[in-house]
Amino acid sequence: MSCDLLILGGGPAGFRAAERAGHFGLSVTIFEGNMLGGVCLNEGCIPTKTLLYSAKLYDYAKGGAQKYGVITTGAELDHAFVVARKDKLVQKLVAGVEMQMKKARATVVRAWGTLAGRNDVGEFIVRAGDAEYTGKNVLIATGSSAAIPPIPGLRKALESGFAVTNREILALREVPKRLVVLGAGAIGLEMASYFNSAGAEVTVVEMLDRIGGRLDKDASNLLQRNYTARGVKFLTGCRVQKLEPGRVAGVKQDGTEFELETDLVLAAAGRKPNTAGIGLESLGIELRPNGGILTDEKMRTNVPGVFAAGDATGVSMLAHTAYREAETAVNIIRGVEDTMRYDAVPSVIYTNPEVASVGETEESARARGLNVKSLRVPLLLSGRYQAENEGGNGILKLVLDEGKRILGVTIVGNPASEIIPAAAMAVTQRMTAQEFTGTIFPHPTVAEVLRDAALMEL
Ligand code: NAI
């Protein structure tokens, strides 16, 4: 029997598309060869957040809470318990996605699906195991996997267990004594944060001259300063070139070599879209230069009726982007106008303190030739921040164009992840500082600093 929508992949893009399509009465078949929930639920966003929350509590328990008059002794982190709790939560959330699929009346096929061209009435065919399924539309939501750069010794190290990716590190039953993190992107920094709290000696090696990729420079510096004070070592401007058992070697920007002894290496050098072996060639679907599926702002591929969303597109590689892309694709399929915008996608690094940003940084705006003004304010402007962040050095940066339109916001400090949606709304709606301050923020909150910063610009 044919359906309205065949979905390859049951991660955030796939399951959100199935939910929305089901909600609007479309018939859906969704293929998942591994676990529903994808990387985000099983080995990404949620598992890491459970670990990081335990680390935060432990940091308080082992002395951080003294600043607030709470004295504790004998605090311990039971890493195996933390991992077991993470596993339980993942199971619960995956079961939740299964329920949602039922509610959407989606047929879940627990096998890898492969595109296999069209049948004689022009419908798309997906093969899974020995069976064939047909549908009027296809959404490719096959996600991404850890990119393994061609560093001599890395593959062997991954095989032997001396190196791990984001997947295996979340299942470690013991905390390594020494950990080298290869790459200071979100994965590298979040795991450096957890294992630093858990007692490992952590060294982060990053080939760029700063951590956090495209993060605002001040925010990156502040984050690095905070983690250096907590004992994490950073080797920026240093490229890892070789792995040998127990050793990582590389070269600095000035040409000098470095070597580190370690018990474990986390390979966190980026992710690549999963587009191989899914039959794209059967329909002639085009790729981007980075291997992601080429899509337009309606999430359409070059083949009418075939859409892509999530990490498989290789554009933004964030679960919340995947949700919105999936929603856009479903709307286009059901004939409702919608457009995916990438200029206001918030991103968060869940370190402690958190770092969150949306839209332009001063640097990215200037690189685009925009004449912008950047305002930097301390989070200490908020009494609530002071009450809850003794000795805190958080900042908020606001980027405005000549017409005082809010183009971007970066925040270092807790709870940045819960404040950034307000900024994302301002950037999405292209609000001016004047328009933004028309909204009343509750007092006392840390979010007030965002409104206060805009107020300073009137
Ligand atoms: P990434 O691309 O963000 O960072 C990888 C870093 O590794 C880069 O800064 C790169 O310069 C560095 N690197 C590459 N090769 C190197 C070498 N040989 N020596 C030294 N440094 C080297 O990738 P990451 O952290 O693996 O994350 C993958 C994706 O997952 C990203 O798109 C990220 O946004 C997403 N993600 C998002 C999270 C969040 O939103 N909180 C959490 C985890 C992942």
Would you mind computing the Rg to Rh ratio of the chain from its alpha-carbon coordinates, Kirkwood style for Rh? 0.98
Rounded to the angstrom and largest first, Cα extents along the principal axes for segment 342-456 equal 39, 29, 20
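Round to the nearest 0.05 the FRET efficiency obtained for ASN302 and ARG341 when R0 = 22 Å and r is the Cβ-Cβ distance.
Rounded to the nearest 0.05, the efficiency is 0.55.
Which values, in whole Å and largest first, are the semi-axes of the equivalent ellipsoid of segment 1-86 obtained as the square root of 5 times each eigenvalue of the Cα gyration tensor?
They are 43, 13, 7 Å, listed largest first.
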What FRET efficiency, computed as 1/(1 + (r/R0)^6) with R0 = 45 Å and r the Cβ-Cβ distance, is obtained for ALA131 and ARG247, rounded to the nearest 0.05? 0.40
Counting only trypsin sites (Lys or Arg not before Pro) that are in a DSSP loop and have at most 10 other C-beta atoms within 10 Å, tell me the longest site-free stretch of the chain. 174-367
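Taking every eigenvalue of the Cα gyration tensor of segment 154-269, multiplying by 5 and rooting it, what semi-axes result, largest first, whole Å? Numbers along the way, then the final one.
Working: eigenvalues 86, 60, 29 Å².
One finds semi-axes of 21, 17, 12 Å for segment 154-269.
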What are the ³J(HN,Hα) values, in whole Hz, obtained from phi via the Karplus relation 6.51 cos²θ - 1.76 cosθ + 1.60 with θ = phi - 60°, for each residue of segment 260-272 in sequence order, with x given for Gly and Pro? 10, 9, 7, 8, 8, 10, 9, 8, 10, 9, x, 10, 10
Nearest 10, in degrees from 0 to 90: the angle of helix 319-333 to the longest Cα principal axis of the chain is 30 degrees
For segment 195-322, diffusion coefficient by Stokes-Einstein and Kirkwood Rh (Cα), 10 °C, 1.306 mPa s, µm²/s: 90 µm²/s
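Which value in deg cm²/dmol, rounded to the nearest 500, describes the helix-derived mean residue ellipticity at 222 nm for the chain, given -39,500 (n - 2.57) per DSSP H run of n ≥ 4 and division by the residue count? Each step should come with its number before you reach the end.
Values: 14 runs with 149 residues, N = 458.
Value at 222 nm, helices only, nearest 500: -9500 deg cm²/dmol.
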Percent relative contact order for segment 49-142, counting Cα pairs under 8 Å at least six residues apart, stands at 14 percent
Expressed as a rounded percentage, what relative contact order does the chain have, with Cα pairs under 8 Å and six or more residues apart? 14 percent
Semi-axes of segment 48-167 from the Cα gyration tensor (sqrt of 5 times each eigenvalue, largest first, whole Å) come to 44, 23, 12
So what's Rg/Rh here for segment 375-429, counting alpha carbon atoms and using the Kirkwood radius for Rh? 1.01
With +1 on each Lys and Arg Cβ and -1 on each Asp and Glu Cβ, and nothing else charged, work out how big the dipole of the chain is about its Cα centre, in Debye to the nearest 20. 300 debye
Pop out the carbon and sulfur fraction of the accessible area of the chain as a percent, whole number, probe 1.4 Å. 52 percent
Mean Cα-pair separation over length for segment 154-269, i.e. relative contact order, pairs under 8 Å, 6 or more apart, %: 34 percent
Cross-link pairs beyond the 31 Å C-alpha cut-off, checked among LYS92/LYS136; LYS67/LYS233; LYS92/LYS272: LYS92/LYS136
Cβ under 15 Å from LEU52's Cβ, LEU52 left aside: what net charge do those residues give with Lys, Arg +1 and Asp, Glu -1? 0
Solvent-accessible area per residue for the chain at a 1.4 Å probe radius, Å²? 46 Å²
Under a straight-distance cross-link criterion of Cα-Cα below 29 Å, which lysines are reachable from LYS373, leaving out those fewer than 8 residues away in the same chain? LYS217, LYS397, LYS404
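Can you tally the net charge around GLY408? Count Lys and Arg as +1, Asp and Glu as -1, for every other residue whose Cβ sits under 15 Å from the Cβ of GLY408. Before the final figure, lay out each step's value.
On the way: positive: ARG214, LYS217, ARG341, ARG366, ARG368, LYS373, ARG376, LYS397, LYS404, ARG405, ARG430; negative: ASP216, ASP218, ASP343, GLU360, GLU362, GLU363, ASP401, GLU402, GLU457.
Spelling it out: positives minus negatives among the neighbours equals +2.
Given a Förster distance of 30 angstrom, what is the FRET efficiency for THR72 paired with GLU257, based on the Cβ-Cβ distance and rounded to 0.05?
Efficiency, from the Cβ-Cβ distance: 0.10.
The values are calculated or read from the model by the stated rules, or taken from the named source; none is laboratory data. Bear in mind the structure is a predicted one, so any value in this text is a computation, not a measurement. Cβ: placed from backbone, ideal geometry, glycine included. Neighbour counts: every protein chain shown. Ligands, DNA and RNA are stripped out before the accessible areas are found, and what is left, the full protein with its side chains, is counted by its heavy atoms. Shrake-Rupley method; radii C 1.70, N 1.55, O 1.52, S 1.80 Å.
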